[in-house]
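Only one structure is covered here, and it is reproduced in the block below.
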Amino acid sequence: MSDPAQGTRPGAGPDEAPPPEERVAHRAQPVALVATGVGLPSCRLRLADLAATWGGSTKGELAVCDADEDTLTLAWAAGTAALRAAGLSPREVDGLWWGTSRPPFAEGPSHSFLATALGLPSTCGGLIASGSPSAGMDALFAAWDAVAASHAGLALVVTSDALVPGTGTATEAATGAGAAAFLIASSGRAAGTNPPPAWITTRATLFMPALDRYRADASPATSDAYDPRLFREEVFVPLVSEVGRRLADPSHPGDALSRAASSVTTSGDGQREAAGQRPDTFGCSIADPDGKLAAGIARRLGGDLVSASSRQAIGDTGAASAFLGALGALSRPGELAVISYGGGRASGIKIEISQPVPGSPEAAAVLGAAGESGRQVTSYTGLLRARGQLDATGDPVAMGVPPGSAAFVRGNEEMLALQGARCRECGTISTPPSVHPTCTGCGGSALETVALGRSGVVETFVVNHTMPSPFQAPLPLVVVDLDGGGRLMLQGSSHDAGALAIGDRVHLVLRRYALERGVAVYGYKALRDGSGMPPGATLAASGASGTA
Amino acid sequence: MAWNRVAVVGAGLVKFGELFEQSYEQMAAGAFSAAVAHVDKGIEPRQVDAVVVATQRGSLWGQEGIGGNTVPSAIGLSGVACTRVENACPSGSDAFRVGAMMVASGVHDVVLVIGVEKMRDKSAQEGLLARAASGHPIYNRGETAPVLFAPFATRHMHEFGTTPEMLAAVAVKNHHNGCLDPYAHFRNEVTVEQVLESPPVCHPLRLLDCCPQTDGAAAIIITAADHATRFTDKPVFVAGFGVATDHPALHEKSTFVGLPATTEAAKRAYGMSGIGPSDIDMAEVHDCFTITEILDIEDLGFVEKGKGGQATIDGTTSLEGRLPVNTSGGLLAKGHPIGATGVAQLVECTWQLREEAGERQVEIRHGNALQHNVGGRGSGVSVVNILTRNR
């Protein structure tokens with residue numbers, strides 16, 4: 001495939017802009033989609049359990065977070081999986097664009113925490129888009145702009161949500177959790193040795209000022225304040241349908257740039273249809289908060305609704321929804337419209353796929369298994385407790401070391417980035433560096449900071465049945481000999497408590513250790529390989545091993 | 001030849017337990033009175049010219065102000081020199097070592113070594129180590145006290161076939177000894193079945209594998225060996241001691257079937273005293289958990305590495321065994337008021353060597369006793385003191 005950017009005209013001046021109604025969709029300078037990844041939470045809630053309390057549908061499941069998971073840990077899992085699928089070091093990434101309705105800190109270091117945990121350089125750019133489930137697509141648009149403007153060559157876009165819905169709301173029965181990552185690159189960056197497997201070519205946006213789901217500033221939970229019929233007929237279906245139509249129809253009058261670019265993208269290899277023609281395969285991944293509306297929209301667009309199975313298996317994942325729904329379809333050549341919706345805004349992209357996108361087959365396997373047995377089923381009360389909606393009476397006991405203290409400033413980066421201090425003399429890796437100015441092996445002081453492996457073998461362990469709050473017993477603590485050297489003692493997963501053994505292989509995943517007065521504290525935990533944890537967690541963690 | 005420059009002339013303690021009715025200061029005064037009363041030729045309290053006080057967890061348990069002036073004021077010796085020693089679980093035994101060196105240096109004539117710890121005033125949850133993360137704010141989270149030793153049990157079982165029954169045998173033995181010690185926190189027998197059926201605390205350790213949190217105080221009066229007979233006809237001499245450190249964190253351990261700090265401290269104490277493990281008549285060792293005693297008796301050279309569990313089941317360390325261990329009931333039954341623990345162990349060793357231990361008196365053939373502590377976050381420090389009645 002020749003360079004799709006060549007000959008495009010992304011910089012049409014303001015004077016030449018088409019009238020607003022014709023700017024719903026337009027072709028920008030395409031970006032390559034080089035890899036994807038998925039992150040799913042470890043628990044499932046049976047809707048029957050929810051219905052036992054509130055009534056409603058008894059069929060289906062939602063993917064939901066354990067107490068130590070949130071939007072950041074899911075985003076980490078997805079981003080790590082995408083980097084691994086691409087075979088790229090996180091150090092090569094120029095920026096992190098993270099779209100999540102609600103980052104862990106309403107204001108604060110959410111972006112730097114995630115970027116550090118992903119191993120990205122501290123000079124990398126990017127942003128957090130938030131505020132509604134359209135944040136995922138907002139983040140991708142922003143990353144695309146940065147790549148097109150040559151501010152970034154390789155951009156990691158992560159979309160994630162783990163919203164806390166109001167108890168007893170209709171939203172609660174629809175709200176799942178998950179994350180999807182797209183690694184995108186400029187044509188120059190993507191050229192390398194392999195042609196890019198897919199191009200993101202077209203975007204479209206349409207909004208109206210309608211109130212549906214929202215969360216007021218002081219409220220911990222998301223509320224819904226809308227009439228489902230009104231939402232369906234006047235807001236969601238019209239907006240999403242129009243965006244989809246503009247993406248699907250390359251002959252749309254407002255889409256002149258798209259046609260021009262399409263002719264470029266297909267001129268090189270002669271294997272694709274002539275410019276302007278519809279491919280044989282046209283898929284639609286559509287965010288579907290209600291779970292019932294996307295099928296009809298896709299049908300009218302003439303496409304297959306590829307997001308139906310993931311929506312059914314894990315629920316509405318907000319900012320990640322349309323991206324999660326698309327992952328499976330990225331294994332098949334063809335065109336794919338990805339349309340998100342949130343806060344009165346529909347927006348979407350068209351992806352032209354020529355070969356399977358790395359990470360997509362693995363993601364499809366994870367999503368395909370999402371509704372099957374093997375992961376932890378939580379009770380409704382367990383879920384409420386994990387979400388902080390059901391607390392023990394009385395003040396919680398504080399953790400002991402305030403998250404804003406100097407100890408955290410010293411220790412956070414080496415924890416999130418998982419660093420050790422390697423002795424230049426004897427090779428011993430001492431962890432963590434901040435408490436080891438000298439080598440634990442030989443006492444030498446010539447040390448260099450290194451990234452530690454994210455998998456290893458259990459040297460010994462315990463299962464602690466007397467964990468102080470906020471930790472929940474029984475919880476393993478595991479001494480892990482890391483692949484590539486170094487040793488750590490980390491918390492494990494209560495799901496592993498009954499099965500852990502010396503010699504087991506484990507992988508490290510980022511988890512939220514505590515939420516203290518609203519402040520999230522993150523660190524790694526050691527999970528047993530293939531031990532009833534969701535495949536997503538396993539994939540995500542093994543993905544990190546390449547960074548050692 | 002043994003060092004023997006310093007002698008114990010009086011040793012006493014308060015009954016260990018949940019002493020809600022006694023303050024830190026009252027416990028200290030009680031232990032000092034007991035030690036003074038034990039000096040058989042008599043001593044005036046004002047003859048004490050320096051105090052070394054061991055309190056380990058003052059701040060964690062709410063006594064933020066514990067310092068060098070706390071104890072002299074409480075025991076009627078305000079004005080006397082006083083220094084606090086904190087060295088984790090061996091605080092008491094290290095205070096004794098420091099006091100012995102103060103006497104041996106000739107600077108002080110009569111030194112009171114006193115260990116005091118108030119642990120029950122705060123709930124167990126508030127006192128758990130997990131809240132006091134050290135070194136790094138996130139690593140080692142959830143590391144309650146049993147976590148510091150349970151990984152050794154897991155590995156010891158894996159490598160040597162040590163069983164839960166072998167661990168239980170330690171608890172059974174030490175509870176039996178505790179029944180014979182009027183100063184013990186717990187004075188009830190337990191069976192192997194009770195241990196194995198007790199609630200899991202930190203797998204593979206169960207409730208009865210763990211020592212309690214205990215209030216207590218213990219005191220020892222030492223003087224130059226050459227002056228000891230002014231105070232007693234039965235002086236017990238400090239034959240030698242050793243201190244050693246190890247990396248504190250569990251993930252830094254070179255082994256999970258032994259505690260190198262203990263091995264090294266014992267080597268130094270044996271070397272200083274010229275007394276070897278086969279010359280020891282009885283030992284008070286650090287049994288904060290059942291597995292710890294098994295590690296201790298191996299690391300101290302009493303039994304072969306890996307055989308500690310079987311030796312316990314075989315009775316090697318019982319009151320009638322080849323080398324009785326923890327005749328006082330140990331930390332498991334007598335209790336573990338941290339700063340007081342080492343001092344109280346030395347009290348027991350003194351009483352045993354003077355053959356004053358009543359129903360739990362063991363046969364003294366060589367005239368030597370060994371006292372041992374190991375602790376810190378991850379057994380990072382160990383102290384071994386060896387006492388002898390031979391000069």
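The values are calculated or read from the model by the stated rules, or taken from the named source; none is laboratory data. Given the structure is predicted, the values throughout are model-derived calculations rather than measurements. Glycine gets a Cβ as well: all are built from the backbone with ideal geometry, and neighbour counts include every protein chain shown.
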*Which numbered condition trips up B:Ile221, out of (1) surrounded by 22 or more Cβ atoms within 10 Å (Cβ to Cβ); (2) within 14 Å of chain A (Cβ to nearest Cβ); (3) at pLDDT 95 or above?*
(2)
*Going through the range B:340-368 one residue at a time, which ones are charged (D, E, K, R) and under 27 Å from B:Met119 (Cβ atoms)?*
B:Glu348, B:Arg360
*How about the range A:436-452: which of its residues are buried (at least 19 other Cβ atoms within 10 Å of the Cβ) and more than 32 Å from the chain's Cα centre (by Cα)?*
A:His436, A:Cys439, A:Thr440, A:Leu447
*asked:* Just to be sure before I move on: is B:Thr316 without any contact (Cβ under 8 Å) to a residue 40 or more places away in the chain, crowded, with 18+ Cβ neighbours inside 10 Å and of a type in the set (S, T, N, Q) in the structure I sent?
replied: yes
*Residues being under 21 Å from B:Cys89 (Cβ atoms) and facing chain A (nearest Cβ under 7 Å) - total across the range B:155-165*: 1
*Considering each residue of the range B:183-206, count those that are part of a helix (DSSP H, G or I) and crowded, with 17+ Cβ neighbours inside 10 Å, and give that number.*
3
*Somewhere in the range A:196-203, is a residue within 19 Å of A:Pro133 (Cα to Cα) and in the same structural domain as A:Leu62 (by TED's automatic domain parsing)?*
yes
*Exactly one of (1) within 11 Å of another protein chain (Cβ to nearest Cβ); (2) over 30 Å from the mean Cα position of the chain (by Cα); (3) within 23 Å of A:Val506 (Cα to Cα) is unmet by A:Ala421. Its number?*
(1)
*Would you tally the residues in the range A:431-476 being part of a loop (DSSP other than H, G, I, E, B), within 21 Å of A:Ala514 (Cα to Cα) and at the interface with chain B (Cβ under 7 Å from one of its Cβ atoms)?*
6
*Which of (1) within 16 Å of the chain's Cα centre (by Cα); (2) crowded, with 24+ Cβ neighbours inside 10 Å is the odd one out, the single condition A:Pro104 does not satisfy?*
(2)
*Any idea which residue in the range A:191-237 is surrounded by the most Cβ atoms within 10 Å (Cβ to Cβ), counting only those that are touching a Phe, Trp or Tyr at 6+ places or on another chain (Cβ under 7 Å) and modelled with pLDDT of 90 or more?*
A:Phe236
*Could we say that A:Ala155 is within 18 Å of the chain's Cα centre (by Cα), outside any loop (DSSP other than H, G, I, E, B) and surrounded by 19 or more Cβ atoms within 10 Å (Cβ to Cβ) here?*
yes
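Okay, residues lined up against (1) at pLDDT 95 or above; (2) under 17 Å from A:Leu247 (Cα atoms); (3) of a type in the set (Gly, Ala, Ser):
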{"position": "A:Gly270", "(1), (2), (3)": "no, no, yes"}
{"position": "A:Arg278", "(1), (2), (3)": "no, yes, no"}
{"position": "A:Leu301", "(1), (2), (3)": "no, yes, no"}
{"position": "A:Gly328", "(1), (2), (3)": "no, no, yes"}
{"position": "A:Gly371", "(1), (2), (3)": "no, no, yes"}
{"position": "A:Arg375", "(1), (2), (3)": "no, no, no"}
*Go through the range B:184-209 and give me each residue that's within 14 Å of chain A (Cβ to nearest Cβ) and either more than 30 Å from B:Met27 (Cβ to Cβ) or over 21 Å from the mean Cα position of the chain (by Cα) (or both).*
B:Ser198, B:Pro199, B:Pro200, B:Val201, B:Cys202, B:His203, B:Pro204, B:Arg206
*Looking only at the range A:21-32, decide whether some residue is modelled with pLDDT under 60 and not in a loop (DSSP other than H, G, I, E, B).*
yes
*Flag if A:Leu510 is at pLDDT below 95, within 27 Å of A:Ala386 (Cα to Cα) and buried (at least 21 other Cβ atoms within 10 Å of the Cβ)*: no
_Any residue that is more than 30 Å from B:Val343 (Cβ to Cβ), away from chain A (no Cβ under 13 Å) and at pLDDT 95 or above - is there at least one of those in the range B:166-183?_
no
_Just checking, does the range B:315-326 include any residue being within 13 Å of the chain's Cα centre (by Cα) and modelled with pLDDT of 95 or more?_
yes
*asked:* Of all residues being closer than 26 Å to A:Ala320 by Cβ and among the charged types (D, E, K, R) in the range A:280-299, which is modelled with the lowest pLDDT? Just the residue, please.
replied: A:Asp290
*Residue within the range A:397-412 that is out of contact with any Lys or Arg (no Cβ under 9 Å at 6 or more places or on another chain), within 11 Å of chain B (Cβ to nearest Cβ) and crowded, with 24+ Cβ neighbours inside 10 Å present*: no
*Could you grab the pairs with beta carbons closer than 8 Å, sequence gap of 6+ or different chains, first residue in the range A:83-95 and free of Cβ contacts under 8 Å to residues at least 60 places away in the same chain, second one surrounded by 24 or more Cβ atoms within 10 Å (Cβ to Cβ) and among the hydrophobic types (A, V, I, L, M, F, W, C)?*
A:Arg91/A:Leu120
*Within the range B:331-379, can you find the residues that are assigned to a helix (DSSP H, G or I) and hydroxyl-bearing (Ser, Thr, Tyr)?*
B:Thr341, B:Thr350
*Which one of the conditions (1) without any contact (Cβ under 8 Å) to a residue 60 or more places away in the chain; (2) assigned to a helix (DSSP H, G or I); (3) among the charged types (D, E, K, R) does B:Arg155 fail to meet, given that it meets all the rest?*
(1)
*asked:* Checking B:Thr341 against (1) β-branched (Val, Ile, Thr); (2) surrounded by 24 or more Cβ atoms within 10 Å (Cβ to Cβ); (3) more than 19 Å from B:Cys210 (Cα to Cα): exactly one of these is not met. Which one?
replied: (3)
_Matching residues in the range B:259-296 - criterion: being touching a strand residue (DSSP E or B) at 6+ places or on another chain (Cβ under 6 Å) and of a type in the set (A, V, I, L, M, F, W, C)_ = B:Leu259, B:Ala261, B:Ala265, B:Ala266, B:Ala269, B:Met272, B:Ile275, B:Ile280, B:Met282, B:Ala283, B:Val285, B:Phe289
*Please name all residue pairs, on different chains or six or more residues apart, with Cβ atoms under 8 Å, provided the first residue is in the range B:214-238 and is of a type in the set (Lys, Arg) and the second residue is in a strand (DSSP E or B).*
B:Arg230/B:Thr223
